[in-house]
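The values are calculated or read from the model by the stated rules, or taken from the named source; none is laboratory data. Here the structure is a predicted model, which means the values were calculated and not measured. Virtual Cβ from ideal backbone geometry, glycine too; neighbours counted across all protein chains shown. These accessible areas exclude ligands, DNA and RNA; they are computed on the full protein's heavy atoms, side chains included. Shrake-Rupley method; radii C 1.70, N 1.55, O 1.52, S 1.80 Å.
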Amino acid sequence: MFLKDRTAAITGSTSGIGLAYARALAKEGANLVINGIMPPADAEKLRTDLEQEFGIKVVFSPADMTKPAEIAGFIAEGEKAFGAIDILINNAGIQYVAPIDEFPLEKWDQIIAINLSSAFHTIRAALPKMKEKGWGRIINTASAHAFVASPFKSAYVSAKHGIAGLTKTVALEVATKGITVNAIAPGYVWTPLVEKQIPDTMKARNMTKEQVINDVLLDAQPTKEFVTVEQVAALALFLCTDAAKSITGATLPIDGGWTAA
Ligand code: NAD
């Protein structure tokens, strides 16, 4: 229970990788500020289920990660409930797949806002209290797409490359303050985000569902296996330990060898 006196705020933690981060940190005793797009009754059930399962305190924030004022409110709510955010995990993200000359303007803006700018806003708001405490962990969910591109994902690839740059910059700014800033770069993880992009990829590449899974998604991954949400969460947990205090400014691949190729 090495996180018993810590509070973690995780954007986009109602499903997939974000929920796995929440569960892994809760298991080590951290109180949580969770967030995502979810009907209020479902969010309340998730909140109370986590509290009961792990014996911790959980606040749910419905902040929309496209709205800077709501993002600042997400951090403020956590600080009001728990005093400070010790561990900030930027994870909310969406995908859209289309050739760039057909890419909807509003999808570009939405992906840059959720997948990149929201991390700027949360970090900006949470850092002063971390500096005061002289301890902090900031973990951004990047992607193999922080290193390499795939066609038809212009906004996503741009946002994830941006996350790697933001991670390095903030790491340098706070290097002497006891705060580490890293990004985790998963390959394909089977979550609703991946499942939802299959129909669009089928259309963009004129393929069947099986072809998209085997010839597009798993084709990129030398292990021919999806990464699991638990494996991604275990890496985040390690970054929160004292053993990881010299790891900062890194974007760490967990991608079955994808970016080694
Ligand atoms: P997911 O769809 O399961 O979860 C996305 C989360 O973001 C949900 O909680 C959702 O409610 C939240 N969200 C979406 N829009 C939001 C908004 N406007 N405001 C607040 N919350 C919002 O997806 P996932 O696969 O778990 O993705 C999580 C992160 O991991 C993303 O940043 C994604 O880019 C990254 N990632 C995923 C994969 C993968 O293969 N699944 C690979 C690499 C990186």
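Report the one residue of ILE198, ALA142, ALA98 whose Cα lies farthest in the direction of the positive end of the charge dipole of the chain (charges on C-beta: Lys and Arg +1, Asp and Glu -1; origin at the Cα centre).
Farthest towards the positive pole: ALA142.
Starting from the Cα gyration tensor of the range 101-149, take the square roots of the eigenvalues, sort them a ≥ b ≥ c, and report rounded, prolate or oblate (rounded when a/c is under 1.5, otherwise prolate if a/b is larger than b/c, else oblate).
oblate
Express the accessible area of the range 1-88 per residue in Å², computed with a 1.4 Å probe while the remaining protein chains stay in the model.
43
Using the Cα gyration tensor of the range 31-134, with a ≥ b ≥ c the square roots of its eigenvalues, what is the shape: rounded (a/c below 1.5), prolate (a/b larger than b/c) or oblate (neither)?
In terms of gyration-tensor shape, oblate.
What's the magnitude of the charge dipole for the range 60-189 around its Cα centre, counting Lys and Arg as +1 and Asp and Glu as -1 at the beta-carbon? Answer in Debye, nearest 20.
Roughly 480 debye for the range 60-189.
Read phi for every residue in the range 201-206 and hand back ³J(HN,Hα) as whole Hz from Karplus 6.51 cos²θ - 1.76 cosθ + 1.60, θ = phi - 60°, with x for Gly and Pro.
Along the range 201-206, the couplings run 5, 4, 6, 5, 10, 6 Hz.
Under a Cβ-only charge scheme (Lys and Arg +1, Asp and Glu -1), can you give me the dipole magnitude of the chain about the Cα centre, in debye to the nearest 20?
Result for the chain is approximately 600 debye, rounded to the nearest 20.
Going down the list LYS80/LYS131; LYS67/LYS224; LYS57/LYS245; LYS107/LYS129; LYS129/LYS245; LYS80/LYS177, which pairs span over 28 Å between their C-alpha atoms?
Flagged as over cut-off: LYS67/LYS224; LYS107/LYS129.
Can you compute the helix-only [θ] at 222 nm over the chain? Use -39500 (n - 2.57) per DSSP H run of at least 4 residues, normalise by all residues, nearest 500 deg cm²/dmol.
Rounded to the nearest 500, it is -13500 deg cm²/dmol.
State the volume of the convex hull built on the alpha-carbon positions of the chain, expressed per residue in Å³ and rounded to an integer.
Expressed per residue, the convex hull around the Cα atoms of the chain is 122 Å³.
In Å², what does the accessible area per residue of the range 180-227 work out to with a 1.4 Å probe?
50
Given a 1.4 Å probe and every protein chain left where it sits, what share in percent of the accessible area of the range 1-157 is carbon and sulfur?
The C+S portion of the solvent-accessible surface of the range 1-157 is 56 percent.
Just read off the accessible area of ARG23 with the full protein assembly in place, 1.4 Å probe, to the nearest 10 Å².
90
Output ³J(HN,Hα) for the range 31-40: one whole-Hz value per residue in order, computed from phi by the Karplus curve 6.51 cos²θ - 1.76 cosθ + 1.60 with θ = phi - 60°, and x for Gly and Pro.
Karplus-based 3J(HN,Hα) across the range 31-40 equals 6, 10, 10, 9, 7, x, 9, 7, x, x Hz.
Could you run the Karplus curve 6.51 cos²θ - 1.76 cosθ + 1.60 with θ = phi - 60° over the range 226-236 and give me ³J(HN,Hα) per residue in whole Hz, x for Gly and Pro?
5, 6, 9, 5, 5, 5, 5, 5, 5, 5, 4
Quick one: go through the range 140-180 and flag any residue whose amide nitrogen is under 20 Å from the point 7 Å out along the Cα-to-Cβ line of GLU225.
Only 144 pass the distance filter.
Could you tell me the accessible area of THR248 in Å² (1.4 Å probe, neighbours in place), rounded to the nearest ten?
About 60 Å², ignoring ligands and nucleic acids.
Once you order the gyration tensor axes a ≥ b ≥ c over the Cα atoms, which shape class does the range 8-72 get: rounded for a/c under 1.5, otherwise prolate or oblate by comparing a/b with b/c?
Here the range 8-72 falls in the prolate category.
Between LEU105 and ARG205, 0.36 nm times their residue separation minus their Cα-Cα distance comes to what?
Contour length minus Cα-Cα distance gives 33.9 nm.
Sorting GLU44, GLU53, GLU79 by accessible area (1.4 Å probe), largest first, what list results?
Putting GLU44, GLU53, GLU79 in descending order of accessible area: GLU53, GLU44, GLU79.
Using only protein heavy atoms and a 1.4 Å probe, report how much of GLU106 is accessible, in Å² to the nearest 10.
Using a 1.4 Å probe on the heavy atoms, I get roughly 120 Å².
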